[in-house]
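*Asks:* One structure, as structure tokens, below. Some questions next.
The values are calculated or read from the model by the stated rules, or taken from the named source; none is laboratory data. In this text, all values refer to a predicted model and were calculated from it rather than measured experimentally. A quick note on method: Cβ atoms are made from the backbone with ideal geometry, for glycine too, and the neighbour counts reach across all protein chains shown.
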Amino acid sequence: MSAARPTAPRVGLLWAVGIALATALFLALGTWQVYRMQWKHALIARVNERAHAAPVAVPPRAAWPTLTAENAEYLRVQVAGTLLLDRSTLVQASTDHGLGYWVMTPLRTAEGDIILVNRGYVSSLKFDAGSGTRPAQVTGLLRLNQAGGGFLRRNDAAANRWYSRDIPAIAAARGLAPVAPYFIDADAASAAEAGQPIGGLTVIKFNDHHLVYALTWYALALMIIGLTWQIKRKNRRTGAE
């Protein structure tokens, strides 16, 4: 015996439930994107405020485990210490000045902590980062670790090829410890000496497409409602003929 086919009222009920669930889902996704947009705008405002505030002392070693993007990224900081010039690392960079390299130089503080300092941009691997040590006071923006590598490229410590500012990997390659879980993008004034890297090139940018996403989800919900209304209207006309 063949299975009984669903009756018309049952099919109509299933159709109505499916339409209602799809509409509710799209509306929920649109609303979630609105909340994400509000969160992103608050984050952008907070970061801009941090980046332009008066510099504060760098987070001490005791605070390292508590640092997150929300409470520390792009914080304007200042630190004094000794640059270990001969342990610098050149990391590939893409800037308004063109392709080149970031000069990542470790700085030892009076407490014995090591903080990697991005002294700025240079155009060639032939740049002489210096030898020995040099006292310095650095002001700039705190940045958290950038692990991994560049697009489709991995850091290769053995070959001294670096595509991202991976703090633990650079520290291991250069024999540095204890190293802070952040580095400092030095500002232009900190790297203003002749022949030094170009500092102050930090780009503060966040993807903010949440409004477009929200409108897309809401539009899909309206399309379903509109299509359903048109189908019901057509059915009523057909039934009346």
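*Asks:* Out of the range 172-187, which residues are in contact (Cβ under 8 Å) with a residue 60 or more places away in the chain and either within 15 Å of Asn118 (Cα to Cα) or assigned to a helix (DSSP H, G or I) (or both)?
*Replies:* Result: Ala173, Arg174, Val179, Ala180, Pro181, Tyr182, Phe183, Ile184, Asp185, Ala186.
*Asks:* Can I ask one more? Can Ala62 be described as hydrophobic (A, V, I, L, M, F, W, C), under 21 Å from the mean Cα position of the chain (by Cα) and in a helix (DSSP H, G or I)?
*Replies:* no
*Asks:* Report yes if Leu21 is part of a helix (DSSP H, G or I) and either at pLDDT 85 or above or over 19 Å from the mean Cα position of the chain (by Cα) (or both), otherwise no.
*Replies:* yes
*Asks:* Name every residue in the range 73-88 that is in a loop (DSSP other than H, G, I, E, B) and farther than 14 Å from Thr202 by Cα, in order of residue number.
*Replies:* Ser88
*Asks:* When the residues of the range 108-167 are narrowed to those that are charged (D, E, K, R) and crowded, with 18+ Cβ neighbours inside 10 Å, which ends up farthest from the chain's Cα centre (by Cα)?
*Replies:* Asp113
Results for (1) among the acidic types (Asp, Glu); (2) within 26 Å of Ala157 (Cα to Cα); (3) modelled with pLDDT of 95 or more, shown as yes or no for each residue.
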residue	(1), (2), (3)
Ser94	no, yes, no
Gly98	no, yes, no
Thr105	no, yes, yes
Arg108	no, yes, yes
Leu116	no, yes, yes
Val122	no, yes, no
Asp128	yes, yes, no
Thr133	no, yes, no
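*Asks:* Also: Which residue is nearest to Arg46 (Cα to Cα), if the candidates are limited to the range 89-112 and must be out of contact with any Pro (no Cβ under 8 Å at 6 or more places or on another chain) and not in a strand (DSSP E or B)?
*Replies:* The selected residue is Asp96.
*Asks:* Sticking with this one: Restricting attention to the range 61-92, report how many residues are surrounded by fewer than 12 Cβ atoms within 10 Å (Cβ to Cβ) and modelled with pLDDT of 95 or more.
*Replies:* Adding up the residues that qualify gives 3.
*Asks:* Here are the criteria: (1) surrounded by 13 or more Cβ atoms within 10 Å (Cβ to Cβ); (2) under 30 Å from Leu27 (Cβ atoms); (3) out of contact with any His (no Cβ under 8 Å at 6 or more places or on another chain). Tell me which single one Val212 does not satisfy.
*Replies:* (1)
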